[in-house]
Amino acid sequence: MTAKVPPPYTALTRHPMLPEVGHDEAARFNFLANFNRHLSGALGPGNRIAYETRVLPTFRAEHGRDPQHRYEVAAAMARDPWHRMWSACKRNSMEMRQHNGRQIVLRQLDRLDAMARQFNEHSGQLELDATVLHPFYQTAVDIHCQPGGYDGEERPGDVSAGANYDVGIFATTGGQLGGLNDGGGQAVASWVKRERPDWRPRRILDVGVTVGHNAVPIAQTFADAEVVAIDTAGASLRYGAARAAGLGARNIRFVEASAEDLSRWPDGHFDWVQTTMFLHELSAKAMPRVLAECHRVLAPGGLIFHIEQPQYSDDMPLFEQFMRDWDAFNNNEPFWTAMHGQDLKQLMVEAGFPIDSQFVVGVRAVVDREIFPDAPGTEEEDYGRAAVWNAYGAWKPLEKAAAA
């Protein structure tokens, strides 16, 4: 089912930790989901029209040539009234989403904190470490316009960051991630099952999990595996661990740890290392260290799997690169543009994954199609917001075992 109108907010699956949402609050999220769909579907193509009919001819007249990189396209488009209007609407939709989500959470924070403490004390699935450094690339800006980003706290030890993230992501994605906002994790688990139907990973590491939207479906699909879900944002992990416990996922632990230093785990400890929309939030200095550590803790024959938006290349038109860059300059994603301009395959080679062990596949969110819409096709691409991703992966060569 390809739906032009998102499902209502009330179609979301309720789990014990999900904040309670009133009629008017749900109506605001419904407006924002439809507003975002309208911005991408009906108004978004106007950017290409503006570029081809006004901006590009003006640039050629002024410079005697075409733009040479996406930043020149950005500077030229910033002067166009249509793009300025569209961009302002998108930015305001993000701010309104955060305003609504935050006020929903804060009015019931006492109840949410108490419930999270109860789940986490009884489940034993949360492991926090106050000595873990919160890297500047996570704390320097309010990522996604969320106050405090993933680390934000209204008071010490609360779950406000994770609860806000969970309650409002529906508005940003227009319901494309399904009833539990876990369509990405469902897609990853489904791909692995199709690719290696008889594979039984014993230990799985999910890096940069936030509240576990994508880690929990992996744990549920591979119920015999031990899943370790790490993040430096303890504020988000507190909510994520309680959410997982409320959903009955018992084989997953939420651990406060940095992917730049996985020294608590020995070489070859994990059969699968997963990241989902995480690499673009790393600094250029951090990414090689993260990839090298992921390689070290991955067992020979194991899978590393990164879900991301497509990398920029000479084959990608400059206009598309510019549109995909919108989040870097307007949605507090400061490392987005640099990360997508890198050669990820070469970075993985330098981390230890031979080029012939690597692969790139497309992954689309798996949802209840009777209620939630399929992610749009390429003709409706929102340049980074659709629930369609590239997966950059590798199977670690077995010969490493013989060399050890």
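Which of the following residues is outside any helix (DSSP H, G or I) and either out of contact with any His (no Cβ under 6 Å at 6 or more places or on another chain) or over 20 Å from GLY302 (Cβ atoms) (or both): ALA249, ALA241, ALA245? Reasoning before the result, please.
Working: ALA241 fails: outside any helix (DSSP H, G or I); ALA245 fails: outside any helix (DSSP H, G or I).
Only one candidate qualifies: ALA249.
Report whether or not PHE254 is within 18 Å of the chain's Cα centre (by Cα), closer than 24 Å to ASN120 by Cα, part of a strand (DSSP E or B) and among the aromatic types (Phe, Trp, Tyr). Criteria met by PHE254. Contact map, region 190-217: residues that are in contact (Cβ under 8 Å) with a residue 12 or more places away in the chain paired with residues that are part of a strand (DSSP E or B) and among the polar types (S, T, N, Q), Cβ distance under 6 Å, separation 6+ or inter-chain. Pairs shown: ASP206/GLN274; VAL207/THR275; GLY208/THR275; ASN214/THR276. Residues in region 36-47 include at least one that is closer than 30 Å to LEU247 by Cβ, among the charged types (D, E, K, R), under 23 Å from the mean Cα position of the chain (by Cα) and at pLDDT below 95. Just for region 212-226: of the residues that are more than 11 Å from the chain's Cα centre (by Cα) and of a type outside the set (Gly, Ala, Ser), which one is surrounded by the most Cβ atoms within 10 Å (Cβ to Cβ)? If we take residues in region 212-226 being more than 11 Å from the chain's Cα centre (by Cα) and of a type outside the set (Gly, Ala, Ser), then ILE218 is surrounded by the most Cβ atoms within 10 Å (Cβ to Cβ).
Contact map, region 63-79: residues that are closer than 15 Å to ALA328 by Cα paired with residues that are polar (S, T, N, Q), Cβ distance under 7 Å, separation 6+ or inter-chain. Pairs shown: ARG70/GLN321.
Scanning region 151-168 for residues being part of a helix (DSSP H, G or I) and modelled with pLDDT of 95 or more gives a total of 9. Criterion first (under 14 Å from ALA235 (Cβ atoms) and at pLDDT 95 or above) does ASP110 satisfy it? It is false that ASP110 is under 14 Å from ALA235 (Cβ atoms) and at pLDDT 95 or above. Looking across region 294-312, the residues that are over 20 Å from LEU282 (Cα atoms) and either among the β-branched types (Val, Ile, Thr) or surrounded by fewer than 22 Cβ atoms within 10 Å (Cβ to Cβ) (or both) come down to ALA299, PRO300, GLY301, LEU303. For region 13-35, does any single residue satisfy the condition of being part of a helix (DSSP H, G or I) and closer than 14 Å to ASN330 by Cβ? No: region 13-35 contains no residue that is part of a helix (DSSP H, G or I) and closer than 14 Å to ASN330 by Cβ.
Answer with yes or no whether LEU291 is of a type in the set (A, V, I, L, M), crowded, with 21+ Cβ neighbours inside 10 Å, on the phi < 0 side of the Ramachandran plot and touching a Pro at 6+ places or on another chain (Cβ under 9 Å). Give the derivation first.
Numbers: of a type in the set (A, V, I, L, M): yes; crowded, with 21+ Cβ neighbours inside 10 Å: yes; on the phi < 0 side of the Ramachandran plot: yes; touching a Pro at 6+ places or on another chain (Cβ under 9 Å): no.
For LEU291, the condition - of a type in the set (A, V, I, L, M), crowded, with 21+ Cβ neighbours inside 10 Å, on the phi < 0 side of the Ramachandran plot and touching a Pro at 6+ places or on another chain (Cβ under 9 Å) - is not met.
Scanning region 305-329 for residues that are touching a residue at least 40 places away in the same chain (Cβ under 8 Å) and in contact with a Ser or Thr (Cβ under 6 Å, 6 or more places away or on another chain) yields HIS306, ILE307, ASP325. If you check VAL132, VAL141 for being β-branched (Val, Ile, Thr) and in contact with a Ser or Thr (Cβ under 7 Å, 6 or more places away or on another chain), only one passes: VAL132.
Please determine, by comparing only the residues of region 108-150 that are of a type in the set (Val, Ile, Thr) and assigned to a helix (DSSP H, G or I), which one is surrounded by the fewest Cβ atoms within 10 Å (Cβ to Cβ). Before the answer, list the steps.
We begin by selecting, within region 108-150, every residue of a type in the set (Val, Ile, Thr); these are 131-132, 139, 141, 143.
Now narrow it down to the ones that are assigned to a helix (DSSP H, G or I): 139, 143.
On the way: THR139: 17, ILE143: 22.
Restricting to residues being of a type in the set (Val, Ile, Thr) and assigned to a helix (DSSP H, G or I), the top hit is THR139.
Screening PRO197 against (1) of a type outside the set (Ser, Thr, Tyr); (2) farther than 17 Å from PHE119 by Cβ; (3) in contact with an Asp or Glu (Cβ under 9 Å, 6 or more places away or on another chain); (4) outside any helix (DSSP H, G or I) leaves a single unmet condition, (3).
Could you list, in sequence order, the residues of region 180-203 that are farther than 21 Å from GLY162 by Cβ and surrounded by 24 or more Cβ atoms within 10 Å (Cβ to Cβ)? Residue satisfying the conditions is ALA187 alone.
Restricting attention to region 80-107 and to residues that are touching a residue at least 24 places away in the same chain (Cβ under 8 Å) and of a type in the set (D, E, K, R), the residue that is surrounded by the fewest Cβ atoms within 10 Å (Cβ to Cβ) turns out to be GLU95. Of all residues in region 265-285 being at pLDDT below 95 and small (Gly, Ala, Ser), which is farthest from PHE335 (Cα to Cα)? Of everything passing the filter in region 265-285, ALA284 is farthest from PHE335 (Cα to Cα). Annotation for region 201-218: at least one member residue is polar (S, T, N, Q) and in a loop (DSSP other than H, G, I, E, B). Of all positions in region 275-282, none carries a residue that is hydroxyl-bearing (Ser, Thr, Tyr) and surrounded by fewer than 22 Cβ atoms within 10 Å (Cβ to Cβ).
Note on region 313-368: residues that are surrounded by fewer than 18 Cβ atoms within 10 Å (Cβ to Cβ) and assigned to a helix (DSSP H, G or I) total 11.
The set of residues from region 48-79 being surrounded by 16 or more Cβ atoms within 10 Å (Cβ to Cβ) and either of a type in the set (A, V, I, L, M) or closer than 21 Å to ASP314 by Cα (or both) comprises ALA50, TYR51, VAL55, LEU56, PHE59, PRO67, ARG70, GLU72, VAL73, ALA74, ALA76, MET77.
The values are calculated or read from the model by the stated rules, or taken from the named source; none is laboratory data. Just so it is clear, the model here is predicted, and its values are computed rather than measured. All Cβ positions, even for glycine, are placed from backbone atoms using ideal geometry, and neighbour counts span all protein chains on display.
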